[in-house]
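Working notes, beginning with the structure itself.
A short reminder: the numbers here are calculations on the coordinates, not readings from a lab. Quantities reported herein were computed from a predicted structural model and do not represent experimental measurements. Backbone-built Cβ (ideal geometry, glycine too); neighbour counts: all protein chains shown.
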RNA sequence: GCUGGUGUGGCGGAACUGGCAGACGCCCGGGACUUAAAAUCCCGUUCUGGCAACAGAGUACCGGUUCGAUUCCGGUCACCAGCACCA
C-alpha cells in the first residue's frame, strides 16, 4: 500500500465536499433537526491562530456525528465584521475599512476551509453587508418603537490629545493607548437600550436551560438582583435624597450620607455649598478615574464634605453630614448612599479616615476594630423600636415603618445597567433615526432600510467627539419622515454587539428580503440546540443576544423565549510558553504551517487531543507528532486487513467498548479520551496482527468526525461502497462491552496488599473468599479480628482488621 | 477589589456516583535496523532507597469527615477569565 499523502487526500475530499454540497442543511423540514453553532469569528488582520479551530473542531465533530445519526444538521458560519480594530487599522494604514474587512475575510475563509470543517458555506453571512444590517437596524427600530431605546447623558472616555472618544480597552492606566495623553470622562448624549426591563426574565429563564453551571452563575451574579429598600432622606434645603440599601435594618446607624460626585444635586446646590471650589476640584479628579478604579476596596478613601447642607435621617430626625466621594457610583442604585460605618466595610474605612461617629446597631462584632457585616447572627441594639430583633426581622419591620410614613419602600435592585448602544465611530451600523427640531427623534421608515453606511474617504474621528459621519453634511442633512421639515440624521453608529445579537436567526434563512428570516425556517431551526463559545462572552454577548431574542419573542418574531438550549465553553489555547497567544508576545502559532507539515486531519486530532476542552492548554509542537503517528497507523490498517481478518472475541469486545466510549465522549466534549480509546484499539489491532472488515469499517466511521479526509480515503481504497458521510453511526451491544474476568485490588485496612483476578460476574462473598486465599492477604489478617469487609463490584475489596 | 474558575509525573492530560492515581500521547533513557542519519520497531519511564524482590512517600498547602478522599467539608496560597465602548 502506498504512503499516506495527506496533501493530496485532503485537497481531493475538500473539493468533493464543496462540489456535492454534502454538508448543506437540507430544506426538508420533516426531518429531525440539529442546530449547532459556534461564535462567528471577527476577521482580524492577524488571520487565524491555532486557538480558533479548537471550538470549530469540537462542534464539527458533534455536527458530523449527528449527521451520521440521521439528523438534518445546520452548522453555519459567517463574519462578525464591524468593529474597532478594523477601523483603527484602516485609519493607521489609510485603507478603507471595507477593503480591510474584505481582505481579512478572504484570509480567514481560506484558512478555515483548509481544515475541512463541515460548515454550510451556502449560508455564509456578514454583519457589514447592508442586506444583513438592514435587519439589525430593523430590530433597533422595533426597540425604539417600544420605548426600549432612549437617549441619556453618559460619561465617555475622552483623549485630550487625539480629541476622540476611546473605548475602555484603549485606555491603559488612565492614559490613551496610542498617544499616552491624559484621558478624562466627558458627558455625551448616548443611545441606550433598556436591558434592565428584562433583568428578571433573564434570571428566571436560565432555569430551563442546559448551560454549564459557571455560565449560569456568572450571568446571575452579573444581573445581580438584590432585595432591599429605598429610603428617603431630606436635605436641609428641602430636597429629597433617596438611597437604595440592602440593609435598611441598620438605618439607626447611618451617621452620614455620600452622594456620587456627578450627582445632579451638587449642581443644584451650587450657590449653597460653602466649599464649592473644593467640591469642583474633587469632581474633576474623579472624572479622571474609571468606575473600576473608584470602587477598588483597598484603595484609600477620599471625599469632600458639602459644607452648609445636612441631611435628616427619617427614622430619628437626626442631622447628619453629606459627602461626595468617588466610591459611590452614579450608575448603581440611586447614585447616593446612607453610610453605616458600623456595618459596611467601605463606610467603616471612610468614617475612620474622616473621624465620623461609628455606631453599633447590630450586636456581635467589635465596631471599634472593624465593620461587622454578618446578617445571620446578632441582634439589633441602639435602634429604638428595632432593639432585640434579628437582622431579618428588623429589615421587615423598618421597611413597614418607612412605608407607612411614605419615607421608604421595599425595592428590588439589579446591578445590571442599561446597554450603552452609541459609538462615535465610522465602522458600524448607522442608527436609523432622524432628529427633527419639531418632532424630536423620528424613526426611519422600514421601507427606507437599509440605511447604508455612506462610502467616504475620510473616516477618521472628528475632534469634537462626534462620529465621523457627522462630517458628511449631505448625508446628515435630510428631511423629517414625519413632517417633512429639514432634519438631521443620527451620526452615531451601533456597537459591534448589535450584529452578533441575532445572527443565529439569519442563518435559518440568510437571503430573505421580506423578513429577518421566514416564520417556517425559524420555527423549524430554532432554538439553537448547542452553542459553544468563549467564557469571555458570558456576561455581554450572551446576555445581549438573550435580551434581543426575548424582545423578538414578545414581538412575535420568534417562537421561543430563549435562543440557545445548550451552552458550552472552550478553554484557550496558550502559546508554547504557557502564556496567552499574542503578536506582542511573539508566541502565535499559525495553523497554515501546521497543516502544511502535518495535514488538516492531524491538526484536527491534536486540537481535540490537546486536553480538557473546557480548560486552557498550552500548544506543544512536538506533541502533534503523536497524532500524526496514530493516523499513519490507521493508514497501515489496510495492510493488516489484507493479511489477516481472523476473528477474535477480545477484539470484538474492544470494538464495542470503543463505540460506547466514542459515542458518549463526543456528546460530552471529551474527544481527547475518545481519541485515546481509538488509539488503544488500533494498538491492539497491531498487537494481534488481524482485523476484519466490519471492525475496520466501524473504526473508520468512529474516527471520521475527527479525521474526515483520511477515513474517506481509506474507505474508498478498501472499496467499502458509498462514502462514510452516507453511512450510519454504529451502535454497541452492552454485553460485549465487558470482559470475562477482572482484576480486583485487595486492601487490608485501606492499604493495597494484593490484586486478584476473578470472573467479572463474581458475587461479593465469593470475591472476598478468593481474596482471603491470597498468600499475602492471609498473612496480613492472620490472628486478627475482622471488623468489616467491603466489596466494590469489579474494583476493590477492603478488609478492616484489628 | 468584586464575580466565576483552575491547581495531578519532566510535559499535555486520564480516573464512573467516595473505591487500584498516572489511561492515551509527548519528551527522555536503553536496544534493534542502517555505512550513517531520519523514519520505524522493541524495552523502560511518578519520586526516594534497592541489582532485584520489595519498602516508603505522593494529586498546590494545612486541617477535618470516612473502612477508604484527586473526588466531600473548613481554611490558606498561587494562577487564569470577566468587570459593562475589545471581540
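Details
- Residues A:244, A:89, A:647, A:686, arranged from fewest to most other Cβ atoms within 10 angstrom of their Cβ, appear as A:647, A:686, A:89, A:244.
- Structural size metrics of the range A:472-521, computed from C-alpha coordinates, are Rg and Dmax of 16.3, 43 Å.
- Cβ crowding within 10 Å averaged over residues, with A:546-555, A:456-465, A:595-604 ranked highest first: A:595-604, A:546-555, A:456-465
- Panel order for A:363, A:274, by other beta carbons found within 10 Å of each beta carbon, from fewest to most: A:274, A:363.
- Per-residue packing, averaged as other Cβ atoms within 10 Å, sorts the ranges A:264-273, A:420-429 into the order A:420-429, A:264-273, beginning with the highest.
- Separation between Cα centres of the range A:89-142 and the range A:429-476, rounded to whole Å: 22
- Overall dimensions of the range A:80-230, expressed as equivalent-ellipsoid semi-axes from the Cα gyration tensor (√(5λ), whole Å, largest first), are 31, 28, 18.
- Sorted ascending by nearby beta carbons within 10 Å, beginning with the fewest, A:285, A:687 become A:687, A:285.
- For the range A:422-507, taking Cα atoms only, Rg and Dmax work out to 13.6, 41 Å respectively.
- Oblate is the label for the range A:639-736. Its Cα gyration tensor axes, ordered a ≥ b ≥ c, give a/c of at least 1.5 and b/c at or above a/b.
- Spatial separation of Cα centroids for the range A:714-751 and the range A:202-269, in angstrom: 57
- In the range A:654-785, Cα pairs under 8 Å separated by at least six residues give a relative contact order of 19 percent.
- Prolate/oblate/rounded label for the range A:206-351 (Cα gyration tensor, a/c 1.5): prolate
- Cα gyration tensor shape of the range A:561-717, rounded if a/c is under 1.5, else prolate or oblate by comparing a/b with b/c: prolate
- Given in Å, the Rg to one decimal and the Dmax to the nearest whole number for the Cα atoms of chain A are 33.2, 107.
- For the range A:45-163: relative contact order, % (alpha-carbon pairs under 8 angstrom, 6 or more apart): 31
- Nearest 10 degrees, 0 to 90: helix A:345-354 Cα axis against chain A principal axis: 40
- The range A:21-35 and the range A:513-592 have their alpha-carbon centroids 21 Å apart.
- Relative contact order of chain A: 14 percent, from C-alpha pairs under 8 Å at least 6 residues apart in sequence.
- As a rough guide to protection, the peptides A:7-13, A:659-665 ranked by mean Cβ packing within 10 Å, highest first, stand as A:659-665, A:7-13.
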